[in-house]
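Student: One structure, pasted below without further comment.
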Amino acid sequence: MSPASSETGSARQHQDFMEAVAAVCALMASADETFQPCERSSINAAISTDPAFAELDADAVGHLLNDFLA
């Protein structure tokens with residue numbers, strides 16, 4: 001596999017992970033059929049501060065979350 005191919009695969013995995021994080025957050029936040037501002041704040045704080053999400057762009061995750069909740 002060439003370096004360009006692995007970069008493309010890595011970028012795709014990164015995007016897939018970001019989408020999965022946003023989807024899980026959307027599912028949990030809407031489990032009670034409402035989405036409260038405090039839930040959004042908690043999600044943003046977790047994505048911005050948790051080391052597991054350090055590689056994620058919080059704004060991009062926010063946009064994905066909006067898409068899932070629309």
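The values are calculated or read from the model by the stated rules, or taken from the named source; none is laboratory data. Since the structure is predicted, the reported quantities are computational estimates derived from the model, not experimental observations. Using ideal geometry, Cβ is built from the backbone for each residue, glycine included, and neighbour counts are taken over all protein chains shown. When the accessible area is computed, the model is the full protein with side chains, heavy atoms only, and any ligands, DNA or RNA have been set aside. Shrake-Rupley method; radii C 1.70, N 1.55, O 1.52, S 1.80 Å.
Student: Could you tell me which of the residues ALA23, ALA52, ALA11 is open to solvent by less than 50 Å² (accessible area, probe 1.4 Å), without any contact (Cβ under 8 Å) to a residue 60 or more places away in the chain and in a helix (DSSP H, G or I)?
Tutor: ALA23
Student: When you look at GLU33, is it touching a residue at least 12 places away in the same chain (Cβ under 8 Å) and open to solvent by 80 Å² or more (accessible area, probe 1.4 Å), yes or no?
Tutor: Judged against the criteria, GLU33 is not a match.
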